[in-house]
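Some notes on the structure that comes next.
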Amino acid sequence: MCGIIGYVGSRKASEVITEGLKRLEYRGYDSVGIAVAQGNSIDLRKDKGMVNPVAESMRFLDVSGTLALGHVRWATHGVPCKENAHPFIDCTRTIVLAHNGVIENYSELKDELKKAGHRFSSETDSEVVVHLVEEERKKMPPLKAFMAAVRKLKGSYALLCTVADGAETLYCARRNSPLVLGVGKGEMFAASDIPAMLAYTKTFVPLEEGDIAVLSRNGYKVYDANGKEAVRKSITVEWSLDMAEKGGYPHFMLKEINDQKHFVHESLAADVTNARAMVAGHEAIDIIACGTSYHAGTILKILLSRELGKRAEAFIASEYPFVANPGKKTLVIAISQSGETADTMQAVKFAKSRGSKVLSLTNVVDSSITRISDEVVYLNAGPEISVAATKTFTSQAAVIYKLVSNPGPGQERLAAIPSLIEKAMAQESAIRAVAAKIADKKDIFFIGRGLNYPVAMEGALKLKEISYLHAEAYAGGELKHGPLSLIEKGVPVIAVAPKDESLPKLFGNIKEVKARGAYVVALTDDEAVRNEADVSIPLPPAADATLYPFPEIIILQLLAYHVSVLRGINPDRPRNLAKSVTVE
Ligand code: F6R
């Protein structure tokens, strides 16, 4: 939800910020802006739209200067438009600020500031912060004024601010929204995530909750939530810039789908020793996650129940505080690619307040969730840029299968996963042909049973989010309890139908929809299903039937990708969405 980046050093700051904003665009693409501080003045340029066209029309690169900050927005307060675009400037036009998060007490603050004579130009919550700094600045020097303003904020924020006073200083703050410092030689960066700074440095300092940092070209200082100077651990990342770029593919999504055959090895190498001990020590396990991660969580629930005999339940994280009753004996497993999802973070906090232990599975090193969990397993999937999660779902599944498999011979089955993924990838031309058949339909149904049902849910989510077609998934047996009335001639039904114990029942469901005229697309390795379907995409046979979700999801991700492209949509940037959802 929104991306921010700041720079101070000796490079042309507008270039650093514009490049960084392109990498942050997956976090929001409603509007974009940049502010460059030069001596005692600020050059502010912003507009509605995506980075490339706005940077070009507003001539971002015409601005010289060595200190700047920028922002890409995912609208929460106020429509996407030029006025609501960040950064925001104060009444004296000498203080400028960009914000990611939600200021919950903005309306009280705005009323007070208006009474004090401040003029507002936007409908956003964020603009109050720059005026607050301005107000405090009347009484104290810039750092103290920034700290005093931040202390008045309620809600979540990652903030970048500078004062055009010739001091070339960038002020940063974070609470419940990510902000990482990048440390270079004679230059400093701050951004919502690491890939935005990867072209310049590999050394990073993730800020902690409540931290305030002051950056100049000579280095940085961090102050904790009590205003005391603090030391924060720096990390060196092994990612190359290449890993955060398209590498010759037309879209990040296609690159990331293809990446899976490499990254799944890394995910299967994750260290789950402590996590496995936590699972072994608990009988009741609550799994919390959102969206794609929730579908991975549903797979985990099935495996924990069926293979380990646990009492496991998967919860949509935003619902968890209203429907669950965790206690000291509950193990909570939180799954989040970004480790920043506000709904998941709140559910984790709720579980912790009840005394539960929390194990989290996440992809982002040092993300917020890692700081409040008792144990963390990293997915090792590398950066995922496309808004739709693909390789991280497979990584979550790989880690999940490792977690539930006993060490030693119990894990031998996992060795088949990479080749199942490769074989599914090899079906791309068949998948593209099916995409062409369904791309102009209105409603598409997915059916599956057992472990194939969460895969069907994920296939439907992927398709709807990037193709804007209406797609729903049902457990095969549920059709006759209502949804069957929606099936009529030509309606596509995608049946996830591997040769496993659930197939005889699913076969019956396929016949039910066929009898009502559905156009059945089967993902299958079964002859009889192939004969019954209108068209089928071959599934590679799996000796261990529990592994079918891996090839199935690759096929469904590719199907969604090709439908999206055929419909003329950019699959990397679906409308109304953003990666890393840091609002509840
Ligand atoms: C869909 C998608 C989302 C995320 C969800 C949770 O393709 O990416 O549904 O899965 O927003 O995000 P994380 O896993 O970062 O908590």
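For the reader, a short list of remarks on this structure follows.
- Positions within the range 18-36 being open to solvent by 10 Å² or more (accessible area, probe 1.4 Å) and either over 21 Å from GLU83 (Cβ atoms) or among the acidic types (Asp, Glu) (or both), in sequence order: GLU19, LYS22, ARG23, GLU25, TYR26, ASP30
- Odd one out for GLU15, checked against (1) assigned to a helix (DSSP H, G or I); (2) at pLDDT below 95; (3) open to solvent by 20 Å² or more (accessible area, probe 1.4 Å): (2)
- Flag for GLU319 being surrounded by fewer than 20 Cβ atoms within 10 Å (Cβ to Cβ), charged (D, E, K, R) and more than 16 Å from the ligand (Cβ to nearest atom): no
- ILE369 being in contact (Cβ under 8 Å) with a residue 12 or more places away in the chain and away from the ligand (no atom under 12 Å from the Cβ): no
- Residue in the range 245-259 that is in contact with a Ser or Thr (Cβ under 9 Å, 6 or more places away or on another chain) and more than 16 Å from the ligand (Cβ to nearest atom) present: no
- So SER107, is it at pLDDT below 95, farther than 22 Å from SER192 by Cα and assigned by TED's automatic domain parsing to the domain that holds LEU215: yes
- GLY448 being open to solvent by 30 Å² or more (accessible area, probe 1.4 Å), away from the ligand (no atom under 16 Å from the Cβ) and small (Gly, Ala, Ser): no
- Taken over the range 325-344, the residue count meeting the criterion of being open to solvent by 20 Å² or more (accessible area, probe 1.4 Å) and within 20 Å of LEU403 (Cα to Cα) is 2.
- Residue selected from the range 372-394 under the condition within 11 Å of the ligand (Cβ to nearest atom) and hydroxyl-bearing (Ser, Thr, Tyr), by the criterion surrounded by the most Cβ atoms within 10 Å (Cβ to Cβ): THR390
- Top-ranked residue in the range 430-445 [being surrounded by fewer than 23 Cβ atoms within 10 Å (Cβ to Cβ) and over 13 Å from VAL535 (Cβ atoms); ranked as modelled with the lowest pLDDT]: LYS442
- Test result for LYS114, part of a loop (DSSP other than H, G, I, E, B) and open to solvent by 30 Å² or more (accessible area, probe 1.4 Å): no
- Of all the residues in the range 417-440, those that are closer than 13 Å to GLN557 by Cα, of a type outside the set (Val, Ile, Thr) and part of a helix (DSSP H, G or I) number 5.
- Qualifying residue in the range 397-411 (condition: more than 16 Å from the ligand (Cβ to nearest atom), open to solvent by 10 Å² or more (accessible area, probe 1.4 Å), out of contact with any Lys or Arg (no Cβ under 7 Å at 6 or more places or on another chain) and modelled with pLDDT of 95 or more): yes
- Scope the range 204-213; condition surrounded by fewer than 19 Cβ atoms within 10 Å (Cβ to Cβ) and either free of Cβ contacts under 8 Å to residues at least 60 places away in the same chain or within 18 Å of THR162 (Cβ to Cβ) (or both); matching residues: GLY210
- Qualifying strands (runs of 3 or more DSSP E) (wholly inside the range 154-203; at least 1 residues being over 21 Å from SER126 (Cα atoms) and open to solvent by 10 Å² or more (accessible area, probe 1.4 Å)): 180-183
- Selection status of GLU283, in contact with a Lys or Arg (Cβ under 9 Å, 6 or more places away or on another chain), open to solvent by 10 Å² or more (accessible area, probe 1.4 Å) and at pLDDT below 95: yes
The values are calculated or read from the model by the stated rules, or taken from the named source; none is laboratory data. Since this is a predicted model, take the numbers as computed values, not measurements. No Cβ is skipped: glycine too gets one built from the backbone with ideal geometry, and neighbour counts run over all protein chains shown. For accessibility, only protein heavy atoms count, side chains too; no ligands or nucleic acids. Shrake-Rupley method; radii C 1.70, N 1.55, O 1.52, S 1.80 Å.
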